[in-house]
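The values are calculated or read from the model by the stated rules, or taken from the named source; none is laboratory data. None of these values were measured; they are calculated from a predicted model. Cβ placement follows ideal geometry from the backbone for every residue including glycine, while neighbour counts extend to all protein chains displayed. Ligands, DNA and RNA are excluded from the accessible area calculation, which covers all protein heavy atoms including side chains. Shrake-Rupley method; radii C 1.70, N 1.55, O 1.52, S 1.80 Å.
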Amino acid sequence: MPRQKRQLLKSERRRRRLSRKKTARKILSGYLLTQTLTGVGAGSVATLVTVFAAPQRASATNYATWNSGQTYALNDQVLYGGRTYLSTINSNRGNNPLTSTNGSWTVIAGATGATGATGATGATGDTGSIGATGATGDTGSIGATGATG
């Protein structure tokens, strides 16, 4: 086989292999996103999709917990009250994620829905079988003498 043809075949095989790798990465990325969104409420899904789809911006520091003395930048994330919050403003200081009403934080993970209603009482079960006969009891005491006839 001529050298030029061998190089052409080798190049074609390399292109196919890279194409398969890209396809596999796309499938894996979609799978991981699906796993991330499983069990998350509809409002949180919209927020997560917005966060994942948004272009990467400056600052995206993850803090272990919220601190009232810390100044947070846009897109910084904090864990507080069992939820993860995303800072929606720059110079975010003193805005408690749980009580802030100025829109400085948005929940991106861990939101818990309300407790559902109590379910209906189940049907009564079948009557059980008759149990085994118990052991014979002790002999009783002698009774009183009867009346004379």
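Key figures
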| read-out | value |
| --- | --- |
| For Tyr80, residues with placed amide H under 5 Å, excluding near neighbours | Tyr85 |
| Carbon + sulfur, % of accessible area of region 68-149 - ligands and nucleic acids excluded, 1.4 Å | 50 |
| Vicinal HN-Hα couplings computed from phi for region 126-139 (Karplus, 6.51 cos²θ - 1.76 cosθ + 1.60; Hz; Gly/Pro x) | 5, 5, x, 6, 6, x, 5, 5, x, 5, 5, x, 5, 5 |
| Burial ranking of peptide ranges 80-89, 138-147, 94-103 (average Cβ count within 10 Å, highest at the top) | 80-89, 94-103, 138-147 |
| Region 91-137 - Rg (one decimal) and Dmax (whole number), Cα, Å | 28.4, 85 |
